[in-house]
Amino acid sequence: MSTSMKDVLDQLSSAIRDSCSQLPQNRSPAMVYALAEGAADIHDGGVLHLLPSLPPEREIACTAGCDHCCHLPVVTDSLSVLRLAHYIRSSFSPEAIATLRARIQARRAQMAPLDRSAKRRFRQACPLLQDGQCVAYDARPLICRSFNSFDAEACRQEIRETGVDYQIDGYPIPFAIGGALTRGMVEGLERAGYEDAPLDLAAALGIALARPDAAEAWLAGEDIFADAHID
């Protein structure tokens with residue numbers, strides 16, 4: 001990785017770290033949602049900014065309806081989950097939310113008896129996946145924005161068939177930016193007095209949707225996502 005690229009990643013990480021560290025000055029749900037949305041905007045803008053000077057070595061194979069990566073367990077952060085839950089409450093009908101929560105509950109019931117290794121190998125469609133499309137695409141977490149591949153068939157084989165130790169060759173810039181932003185968010189929240197443990201997306205989203213006061217409770221220091229922590 002070149003020095004210039006490292007500098008860009010450090011700048012992006014610092015930007016979101018500084019923003020997250022200011023959370024105590026505006027301890028509100030709106031600020032939580034804005035921080036997560038800001039991280040997503042920085043990610044997407046950063047990728048577009050670097051694309052002309054650091055283009056992918058091959059054509060990216062990801063297209064609408066290609067959903068192999070959506071069958072992986074997704075590890076994410078508290079801010080992204082809270083923003084996602086807010087987006088769903090604001091955009092979905094009560095019936096659609098109830099259907100989504102039922103899918104999440106069914107998934108949790110399937111995963112509950114599994115040990116750590118089996119959970120890593122677990123392959124099932126994300127509860128947000130419907131007819132090959134993410135129903136909350138605009139509010140998807142950083143890892144979902146970062147994931148990409150040069151070969152859709154390799155994704156099918158490695159993700160859907162191989163199991164835990166999949167190897168996917170893709171454009172590294174989105175992954176690098178997503179990782180830098182995640183580190184910055186964690187560091188910024190630590191400065192603000194919050195410990196942000198890695199979360200299972202589906203489990204954490206189910207918790208957030210079950211509590212209309214999820215953001216307020218999290219801001220107050222309650223470990224509302226304890227049951228969604230990744231071991």
>> If the requirement is being surrounded by fewer than 13 Cβ atoms within 10 Å (Cβ to Cβ), of a type in the set (G, A, S), touching a residue at least 12 places away in the same chain (Cβ under 8 Å) and more than 25 Å from R17 (Cα to Cα), which of these qualifies: S117, S149?
In response: S117
> Can you spot a residue in segment 50-65 that is part of a helix (DSSP H, G or I), closer than 24 Å to L181 by Cβ and over 15 Å from the mean Cα position of the chain (by Cα)?
Replying inline: yes
> Which condition number does L35 fail, the rest of (1) touching a Lys or Arg at 6+ places or on another chain (Cβ under 6 Å); (2) modelled with pLDDT of 95 or more; (3) over 14 Å from R140 (Cβ atoms) being met?
Replying inline: (1)
>> List the helices (runs of 4 or more DSSP H) inside segment 73-146, counting only whole elements, that have at least 2 residues being touching a Gly at 6+ places or on another chain (Cβ under 6 Å).
In response: 142-146
> In the list L23, L51, which residue meets the criterion of being among the hydrophobic types (A, V, I, L, M, F, W, C) and within 17 Å of Y171 (Cβ to Cβ)?
Replying inline: L51
>> Being surrounded by 14 or more Cβ atoms within 10 Å (Cβ to Cβ), more than 23 Å from R160 (Cβ to Cβ) and touching a Leu at 6+ places or on another chain (Cβ under 6 Å) is true for just one of C20, C70. Which residue is that?
In response: C20
> Do we have D169 as modelled with pLDDT of 85 or more and among the acidic types (D, E) here?
Replying inline: yes
>> Can you report the number of residues in segment 42-83 which are more than 21 Å from R156 (Cβ to Cβ) and of a type outside the set (D, E, K, R)?
In response: 20
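Can you pull out the residues in segment 28-41 that are more than 14 Å from the chain's Cα centre (by Cα) and either loosely packed, with under 15 Cβ neighbours inside 10 Å or of a type in the set (V, I, T) (or both)?
Within segment 28-41, S28, A30, V32 qualify.
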>> If the requirement is being in contact with a Leu (Cβ under 8 Å, 6 or more places away or on another chain) and closer than 21 Å to I16 by Cβ, which of these qualifies: L209, L189?
In response: L189
> Does G170 satisfy the criteria of being part of a loop (DSSP other than H, G, I, E, B), in contact (Cβ under 8 Å) with a residue 24 or more places away in the chain and loosely packed, with under 14 Cβ neighbours inside 10 Å?
Replying inline: no
> Do you know which residues across segment 112-126 are hydrophobic (A, V, I, L, M, F, W, C) and within 19 Å of the chain's Cα centre (by Cα)?
Replying inline: F122, A125, C126
> Looking at A96, A61, A30, A109, which one is touching a Ser or Thr at 6+ places or on another chain (Cβ under 8 Å) and not aromatic (F, W, Y)?
Replying inline: A61
> Going by the conditions given, is A215 surrounded by 13 or more Cβ atoms within 10 Å (Cβ to Cβ), farther than 18 Å from V75 by Cβ and out of contact with any Ser or Thr (no Cβ under 6 Å at 6 or more places or on another chain)?
Replying inline: yes
>> I'd like the full set of residues that are in a helix (DSSP H, G or I), more than 13 Å from the chain's Cα centre (by Cα) and in contact (Cβ under 8 Å) with a residue 60 or more places away in the chain, limited to segment 184-206.
In response: G184, V186, E187, G188, L189, R191, G206
> In segment 73-105, which residues are within 30 Å of E161 (Cβ to Cβ) and either free of Cβ contacts under 8 Å to residues at least 12 places away in the same chain or touching a Cys at 6+ places or on another chain (Cβ under 7 Å) (or both)?
Replying inline: V74, T99, A102
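The values are calculated or read from the model by the stated rules, or taken from the named source; none is laboratory data. Keep in mind the model is a prediction, meaning the values are calculated, not measured. Neighbour counts are summed over all protein chains in view; Cβ atoms, including those assigned to glycine, are modelled from backbone coordinates with ideal geometry.
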